[in-house]
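K.L.:
Quick one: structure below, then a few questions.
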Amino acid sequence: MRTLPLTNGRVEVYADAAELAREAARRFAALAGTFIANRGRFTVALSGGSTPRAMFTLLAAPPFSDALAWRAIHLFWGDERCVPPDHPDSNYRMTRETLLDRVPLPPENVHRIPAEDPDPARAAERYAETLRHAFGEDAPRFDLLFLGMGADAHTASLFPGTAALHNNDRIVVAQYVEKLQAHRLTLTARTINHANNILFLVAGADKAPALQAVLEGPRDIDTFPSQLIAPDAGTLTWMVDEAAAGQLSVGGSP
């Protein structure tokens with residue numbers, strides 16, 4: 001691993017997606033140990049995607065599965081497709097199959113987004129209420145929040161040119177994403193930026209142009225939504241592989 005300079009946070013570059021997933025699992029475990037020791041619980045907002053899938057698979061097996069205090073871990077999600085929880089496109093289903101079904105996590109510690117609600121706006125408010133109840137405040141502060149980034153620079157379900165990019169009033173929003181012809185539910189940037197630790201997991205050469213634009217290009221949140229992510233008090237770490245870092249001015253293989 002090597003570290004690249006960044007004004008807001010830092011970039012860690014790993015050899016490939018497999019190494020990236022292993023380090024993400026180690027980071028999850030290390031932060032869990034710290035927060036559970038200090039506060040008695042660990043709250044994490046998860047993302048979908050192939051790299052989180054690989055990380056979940058690692059966490060569900062020894063040594064991580066045996067070492068983690070699962071009863072003190074609470075899982076949430078940063079975004080979700082408006083589908084039932086058993087749908088192949090569901091982020092929750094992917095997590096359940098790779099992690100939840102394999103570890104002794106109490107069911108009451110799993111706080112999924114009710115994306116099967118036929119009214120997306122109502123589903124968003126229901127999840128906002130879940131977060132208010134879990135955190136006891138109107139501005140939930142996750143201990144750790146995972147994000148991915150698409151080749152179009154979207155993160156969570158904050159897509160280019162969508163209204164949610166400018167919503168600073170709500171915890172969770174529902175929106176129709178025209179390019180996907182689908183509804184999505186997502187934490188707002190305000191909610192994401194309130195987390196104690198934010199980890200972007202970005203792998204693959206197809207992400208390289210977007211990563212370069214987000215980190216080194218001019219600010220344009222409507223085109224590059226990932227530029228919205230700037231923690232108000234926490235840490236921001238971009239964990240990327242060599243392929244994704246290939247177009248950074250100090251990136252690429254040494």
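The values are calculated or read from the model by the stated rules, or taken from the named source; none is laboratory data. In this text the structure is predicted, and so the values were computed from the model without any measurement. In this analysis, Cβ positions are derived from the backbone assuming ideal geometry, glycine residues included, and neighbour counts consider all displayed protein chains. Heavy atoms of the whole protein, side chains included, go into the accessibility calculation; ligands, DNA and RNA do not. Shrake-Rupley method; radii C 1.70, N 1.55, O 1.52, S 1.80 Å.
K.L.:
It is to be established whether one or more residues within the stretch 226-239 are out of contact with any strand residue (DSSP E or B) (no Cβ under 9 Å at 6 or more places or on another chain) and part of a helix (DSSP H, G or I).
P.N.:
Yes: one or more hits.
K.L.:
What are the residues in the stretch 87-101 that are of a type in the set (A, V, I, L, M, F, W, C) and either closer than 21 Å to ALA174 by Cα or part of a helix (DSSP H, G or I) (or both), if any?
P.N.:
Matches in the stretch 87-101: MET94, LEU100.
K.L.:
Same structure, new question: For LEU144, which of the numbered conditions (1) more than 25 Å from ALA29 (Cβ to Cβ); (2) open to solvent by less than 10 Å² (accessible area, probe 1.4 Å) fails to hold?
P.N.:
Failing condition for LEU144: (1).
K.L.:
Quick one: which helices (runs of 4 or more DSSP H) sit completely within the stretch 1-75 and have at least 3 residues that are farther than 20 Å from ILE229 by Cα and at pLDDT below 95?
P.N.:
The helices (runs of 4 or more DSSP H) meeting that bar number zero.
K.L.:
Still on this structure, please answer the following. Mind checking which pairs have a first residue in the stretch 51-75 that is open to solvent by less than 40 Å² (accessible area, probe 1.4 Å) and a second that is of a type in the set (S, T, N, Q), Cβ under 7 Å, 6 or more apart or different chains?
P.N.:
Qualifying pairs under 7 Å: PHE56/THR95; PHE56/THR98; LEU59/SER65; ALA60/THR98; ILE73/ASN109; HIS74/THR43; HIS74/ASN109; LEU75/ASN109.
K.L.:
Okay, next question. Is one or more of the residues making up the stretch 150-158 outside any strand (DSSP E or B), open to solvent by less than 30 Å² (accessible area, probe 1.4 Å), under 28 Å from ASP241 (Cβ atoms) and among the polar types (S, T, N, Q)?
P.N.:
Looking for residues that are outside any strand (DSSP E or B), open to solvent by less than 30 Å² (accessible area, probe 1.4 Å), under 28 Å from ASP241 (Cβ atoms) and among the polar types (S, T, N, Q), one finds at least one in the stretch 150-158, hence yes.
K.L.:
Would you be able to say whether some residue in the stretch 171-189 is open to solvent by 20 Å² or more (accessible area, probe 1.4 Å), in contact (Cβ under 8 Å) with a residue 40 or more places away in the chain and within 14 Å of the chain's Cα centre (by Cα)?
P.N.:
Within the stretch 171-189 (the criterion being open to solvent by 20 Å² or more (accessible area, probe 1.4 Å), in contact (Cβ under 8 Å) with a residue 40 or more places away in the chain and within 14 Å of the chain's Cα centre (by Cα)), the answer is no, since none of the residues qualifies.
K.L.:
So, of the residues in the stretch 98-136 that are small (Gly, Ala, Ser) and at negative phi, which turns out to be farthest from the chain's Cα centre (by Cα)?
P.N.:
Residue satisfying both the conditions and the ranking: ALA121.
K.L.:
Given the options PRO84, PRO104, name the one that is of a type outside the set (A, V, I, L, M), modelled with pLDDT of 95 or more, in contact with an Asp or Glu (Cβ under 6 Å, 6 or more places away or on another chain) and in a loop (DSSP other than H, G, I, E, B).
P.N.:
PRO84
K.L.:
Given the conditions (1) without any contact (Cβ under 8 Å) to a residue 24 or more places away in the chain; (2) part of a helix (DSSP H, G or I), report the number of the one that ALA134 does not fulfil.
P.N.:
Against the list (1) without any contact (Cβ under 8 Å) to a residue 24 or more places away in the chain; (2) part of a helix (DSSP H, G or I), ALA134 comes up short only on (1).
K.L.:
Something else: Of everything in the stretch 107-130, what is out of contact with any strand residue (DSSP E or B) (no Cβ under 7 Å at 6 or more places or on another chain) and part of a helix (DSSP H, G or I)? Give them in sequence order.
P.N.:
Residues satisfying the conditions are PRO107, GLU108, ARG122, GLU125, ARG126, GLU129, THR130.
K.L.:
Tell me whether the stretch 44-62 contains one or more residues that are hydrophobic (A, V, I, L, M, F, W, C), within 20 Å of THR235 (Cα to Cα) and touching a Gly at 6+ places or on another chain (Cβ under 8 Å).
P.N.:
Yes; the residues of the stretch 44-62 include at least one that is hydrophobic (A, V, I, L, M, F, W, C), within 20 Å of THR235 (Cα to Cα) and touching a Gly at 6+ places or on another chain (Cβ under 8 Å).
K.L.:
Which residues, counting only those in the stretch 201-223, are touching a residue at least 60 places away in the same chain (Cβ under 8 Å), open to solvent by less than 50 Å² (accessible area, probe 1.4 Å) and either of a type outside the set (A, V, I, L, M, F, W, C) or in a loop (DSSP other than H, G, I, E, B) (or both)?
P.N.:
Hits for the stretch 201-223 are ALA203, GLY204.
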